[in-house]
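Here's the structure we're looking at; comments come further down.
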Amino acid sequence: MTKINRIGILTGGGDCPGLNAAIRGLGKSAIYEHGWEVVGIRDGYKGLVENRVVELGLNELSGILTQGGTILGTNNRVSPDRYLEGKTDSGDPIFVNAVDRCIATLEEHAIDILFVVGGDGTFTCTKPLIEAGFPCIGVPKTIDNDIVGTELTIGFTTAARIGTMALDRLHSTGNSHHRVMVCELMGRNAGWLTLSSGLASGADVILIPEIPFDMQKICDFVEERREGKSGFSIIACAEGAKPINGTTVVEKIDPTRADPIHLGGIGSVVANTIEERTGIESRITTLGHIQRGGEPAASDRVLATTFATAAIELARAGEMNKMIGLQDGHIATKDILSVANKQRLVPNNHRFVKAAKAVRTCFGD
Ligand code: F6P
């Protein structure tokens, strides 16, 4: 069993509310429960390659529970086996395998185990370290809630609350101007964030990647609503939503990112098409990173602290290379390698979809 004296903490991928709560939970329980020393790696795997390590004592770990973002910084471009070293004369990126540099950093700082707070992309980046024999433990976070092996991720509840608040507020203008108000939410290829926010705010139409839509059905639906009492419609549209037989709308492709595809723009397509086909004035609001910002909701602080302290216990028990998660409301574990590079999507018959359909929410299908 690995003897633990000193642990490292790294946050990878996009920031989200609750990361600092997780860092605090990991650090404080490591210090208080086991007397381990704690260090943090700056800016995700980039800092591990570049040997940027900071001490995390009780001073650094205090007062951060309620703060958004991550005190360590994060990065969604660098993987240990794909580090951007520079560019060729013609401007093409030069990637190098930097696993040895990561291991050298871990050894130099006498880190016995690395705690990785991340999503499926970050866990995919953890793979080369595990394969090189370095023990890691995963703590799942993402506003997308799309990590296999856990029914809830740190950050999701806060983001869904922000999505709900935004959709609630769009009712004012929709109602006053008798407009169609489209709100584009994040979530990548998963519809959890849009589905939960849409269900919570009573959106009239919910468009998610897992249920491709027929544009004409949406137009017919909002026209029908125009004739009704309220006359307006609120549409919660996931950035990954797509028409039947169509493709997702890509805002840009950046080959230097671990996931080069940056989704965005489907909300405008939906709003413009509705206005063209029905003549109903339509507007688009894209929430963007507002969904990831600010202080974590109480439930995310609780989840982050629970996950973090359970992850420390996993390490103490010698269960390496596992990710902590929640299954049927209980703490569960999965091999990191079995959840890496996979996505947990919304099943078409999920209870949230059934509930929304039962109150006549249109999915465009
Ligand atoms: O995975 C979290 C997420 O916010 C997605 O919902 C979104 O598609 C993506 O990250 C945006 O990434 P970036 O912050 O790099 O623009």
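The values are calculated or read from the model by the stated rules, or taken from the named source; none is laboratory data. Computed from a prediction, not measured in an experiment: that's the story for all the values here. Neighbour counts are summed over all protein chains in view; Cβ atoms, including those assigned to glycine, are modelled from backbone coordinates with ideal geometry.
Restricting attention to segment 288-318, the residues being surrounded by fewer than 23 Cβ atoms within 10 Å (Cβ to Cβ) and closer than 30 Å to THR247 by Cα number 5. Note on segment 248-264: among residues that are in contact (Cβ under 8 Å) with a residue 60 or more places away in the chain and away from the ligand (no atom under 11 Å from the Cβ), the one that is surrounded by the most Cβ atoms within 10 Å (Cβ to Cβ) is THR256.
The set of residues in segment 1-20 that are at negative phi, in contact with a Gly (Cβ under 6 Å, 6 or more places away or on another chain) and within 16 Å of the ligand (Cβ to nearest atom) comprises GLY12, ASP15, CYS16, PRO17.
Against the test of being surrounded by 19 or more Cβ atoms within 10 Å (Cβ to Cβ), of a type in the set (Gly, Ala, Ser) and in a loop (DSSP other than H, G, I, E, B), the options GLY121, GLY163, GLY149 yield a single qualifying residue, GLY149. Of the strands (runs of 3 or more DSSP E) lying entirely inside segment 1-118, those containing at least 2 residues that are not hydrophobic (A, V, I, L, M, F, W, C) span 6-11, 37-41, 83-87.
Screening TRP36 with (1) over 25 Å from the mean Cα position of the chain (by Cα); (2) aromatic (Phe, Trp, Tyr); (3) closer than 20 Å to ALA340 by Cα gives one miss only, at (3). Here THR256 fulfils each of the conditions (1) in contact with a Pro (Cβ under 7 Å, 6 or more places away or on another chain); (2) assigned by TED's automatic domain parsing to the domain that holds GLY69; (3) of a type in the set (Ser, Thr, Tyr) apart from (2). Residue-level check: of (1) farther than 16 Å from LEU326 by Cβ; (2) touching a strand residue (DSSP E or B) at 6+ places or on another chain (Cβ under 6 Å); (3) in contact (Cβ under 8 Å) with a residue 24 or more places away in the chain; (4) away from the ligand (no atom under 15 Å from the Cβ), GLU151 misses just (1). Residues that are more than 19 Å from the chain's Cα centre (by Cα) and either in a helix (DSSP H, G or I) or more than 16 Å from the ligand (Cβ to nearest atom) (or both) do occur in segment 302-309. Among the residues examined, ILE218 qualifies as more than 14 Å from the ligand (Cβ to nearest atom), under 14 Å from ILE274 (Cα atoms) and touching a residue at least 40 places away in the same chain (Cβ under 8 Å). For the structure I just gave you, tell me whether ALA315 is part of a helix (DSSP H, G or I) and in contact with an Asp or Glu (Cβ under 9 Å, 6 or more places away or on another chain). Answer is yes for this residue.
Being small (Gly, Ala, Ser) and buried (at least 24 other Cβ atoms within 10 Å of the Cβ) holds for only one residue in GLY133, GLY198, and it is GLY198.
A quick yes/no check of all residues on (1) among the hydroxyl-bearing types (Ser, Thr, Tyr); (2) more than 16 Å from the ligand (Cβ to nearest atom):
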| residue | (1), (2) |
| --- | --- |
| ALA98 | no, yes |
| THR105 | yes, yes |
| ILE113 | no, yes |
| GLY119 | no, no |
| CYS125 | no, no |
| PRO135 | no, yes |
| ALA160 | no, no |
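Results for (1) in contact (Cβ under 8 Å) with a residue 60 or more places away in the chain; (2) buried (at least 19 other Cβ atoms within 10 Å of the Cβ); (3) within 21 Å of the chain's Cα centre (by Cα), shown as yes or no for each residue.
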site: LYS28; (1), (2), (3): no, yes, no
site: VAL54; (1), (2), (3): no, no, no
site: GLY63; (1), (2), (3): no, no, no
site: GLY69; (1), (2), (3): yes, no, yes
site: ASN76; (1), (2), (3): yes, yes, yes
site: PRO80; (1), (2), (3): no, yes, yes
